[in-house]
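Please read the structure below before turning to the comments.
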Amino acid sequence: MQIAMFSALILLGIVLLLSLYIITKTLKERLFPNPHLPPGSLGWPLIGETLDYLGTGLAGEPDRFVRDRMEKHNPQVFMTSLLGESMVVFCGPAGNKFLFSNENKLVNLWWPTSVKKLLKSSLINVVGDEAKRMRKILLTSVDPDALKRYIDRMDLATQHHIRTHWEGKQELRVHPTVNLYTFALSCRLFISIDDPVHISKLAHQFDVFLKGVIHFPVNIPGTRFHHASKAADAIKEELRSIARHRRAALDQKIVSPTQDLLSHLLVTADASGKFLSESEIVDNILLLLFASHDTTTSVITCVMKYLAELPEVYKMVLREQVDIANSKVGGEFLKWEDIQKMRYSWNVVSEVLRLMPPIRGAFREAIVDFTYAGYTIPKGWKIYWSPVSTSKDSTLFQNAEDFDASRYEGAGPAPYSYVPFGGGPRICLGNEYARPQILVFLHNIVKRFSWGLLTSDEKVPYDPMPAPSQGLPIRLKPHQSSA
Ligand code: HEM
């Protein structure tokens, strides 16, 4: 009882101190505003415009927050306040181009404190040359050369998942089921774990980590961040032990250096011959699990939603995938070349990424005072960009509200208007990896089933990534002779 009261008092103290700090900071900005700042509003003290930002996401209209303000204040840049930070939002293709081209010159990557604390030695906590070095090493494990070796394993894992979780079922909820798939696949390809009991133990810890990773960074018992820190510690301990055993096995040459992402990271050095430290390897694997998990789950779920709603599109995807399946001889797995043939299917995924990008936006920090579109952006201010500032703009995408996979044929969208993976030196590290991961799943699922939605007009809130409110319940209809 006494311990609980003591914890509550400490929590109250921290919250008060934090509030005082933010109030002082925001009061200064409110009472003595820089007259050259972009137009906009800092909203309410402390919370700024965060509630509207979160509310539009939960209502399934993530573009409204940005597009309403572009209309009201300025279509190029406006000021707001989110997560207790004064912020400037860069909009349109010109805003995207400016930010993606000025990394390390005028801006640097920024992530909320909770994320930085839990992924301390990872890529998202480094900038400049150190980020370049780390990205280069990490890329060796997810670039096309490495991916070519993963495709048959992705296919095998997907077939196993579908046999276990889809076949024989008449109805299921897509989002939680796909969630199992993406996590198990990452465990297999990143650290070669395929024991279901081990995976489910890790999955439980990972869920707790996910719930607190973007939260107030208050680390005392009872808070979400505290639970997430504990879960992160447990996962890291496990990863550390796996890495040590693997290093020993690599030294004895009893495993392949290209077996999985972990082996790649253990054997790859930078140009000066320096390897990643054990903490860097462990934290980066946790980062990759974090960055790849909900994003891919959300995209696959949304693709399945659109395919159920658009039978013509489903038929064309099916035709493409059946042609590829027919070109294989008895039980042969998919190869890299097959993924390159899935052009129409990837255009469909691309259109889903335009209409429902899993990442609603990302952050930067101004590292010097600079001017943009005639306004001053003060050093230290946070900057936000979002793929939705362009993705529904009818001057950039004809009939922008309509689903049209043909937009990606030929030259495709105008530069910097279609940016679900970001751009520039901090573009999504897994953008090449995400493609086969999604397409191999799509190949295996359309080849076996068509499906119908059991709930019409199911909302797809962003919290923080798009996930249908009821998990997308569907009725499965197996094809007469499924492969
Ligand atoms: C369709 C799925 C995905 C989408 C739409 C997506 C999108 C994004 C976006 C928008 C960013 C932020 C870029 C910025 O700050 O400007 C990002 C960063 C990142 N993503 Fe992805 N992502 C996806 C899947 C993946 C996968 C599968 C992996 C790992 C295998 C991954 C790893 C990363 C990493 C490590 C970063 C941080 C890069 C850095 O800071 O240098 N992502 N992603």
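The values are calculated or read from the model by the stated rules, or taken from the named source; none is laboratory data. If you're wondering where the values come from, they're calculated on a predicted model, not measured in any experiment. So basically every Cβ, Gly included, is an ideal-geometry build from the backbone, and we count neighbours across all protein chains shown. Side chains included, ligands, DNA and RNA excluded: accessible areas come from the protein's heavy atoms. Shrake-Rupley method; radii C 1.70, N 1.55, O 1.52, S 1.80 Å.
Between Gln252 and Arg224, what is 0.36 nm times their sequence separation minus the Cα-Cα distance? Round to one decimal in nm.
Extending this stretch completely gives an extra 5.9 nm.
Thinking of the range 41-91 as a set of Cα atoms, what percent of all their pairs are more than 17 Å apart?
31 percent
Add +1 for every Lys or Arg and -1 for every Asp or Glu among the other residues with Cβ under 11 Å from the Cβ of Asp68, and state the total.
Value of the local net charge: -1.
If you roll a 1.4 Å probe over the chain with all protein chains in place, what percent of the accessible area is carbon or sulfur? Provide the component values of the computation, followed by the final result.
Details: 12940 of 22380 Å².
Answer for the chain: carbon and sulfur cover 58 percent of the accessible area.
For n ≥ 4 DSSP H runs only, could you compute -39500 (n - 2.57) per run for the chain, divide by its residues and tell me the 222 nm figure to the nearest 500?
Values: 17 runs with 260 residues, N = 483.
Counting only the DSSP helices, I get -17500 deg cm²/dmol.
For the range 251-386, what is Rg from Cα atoms divided by 2.2 N^0.38 Å, rounded to two decimals?
Ratio of Cα Rg to 2.2 N^0.38 Å: 1.54.
Can you grab the distance from the C-alpha centre of the range 235-265 to the C-alpha centre of the range 353-408, Å, no decimals?
Comparing the Cα centres of the range 235-265 and the range 353-408, I get a distance of 39 Å.
Could you order the peptides 229-237, 301-309 from most to least packed, using the average number of other C-beta atoms within 10 Å per residue?
Ranking the peptides 229-237, 301-309 by packing returns 301-309, 229-237.
Restricting things to Cα coordinates, could you compute the convex hull volume per residue of the chain in Å³?
Working: hull volume 80.9 nm³, N = 483.
Normalising the Cα hull of the chain by residue number yields 168 Å³.
Counting only heavy atoms of protein chains, what accessible area per residue, in Å², does the range 31-478 have with a probe of 1.4 Å?
Averaged over the residues of the range 31-478, the accessible area is 43 Å².
Under DSSP H, which helices of the chain have Cα atoms covering 15 Å or more of the helix axis and a Kyte-Doolittle average no less than 0.0?
The answer, listed by residue number, is 2-31, 174-191, 196-213, 278-309, 343-355.
Under a Cβ-Cβ cut-off of 11 Å, what is the net charge of the residues other than Leu454 that fall near it, where Lys and Arg count +1 and Asp and Glu count -1?
0
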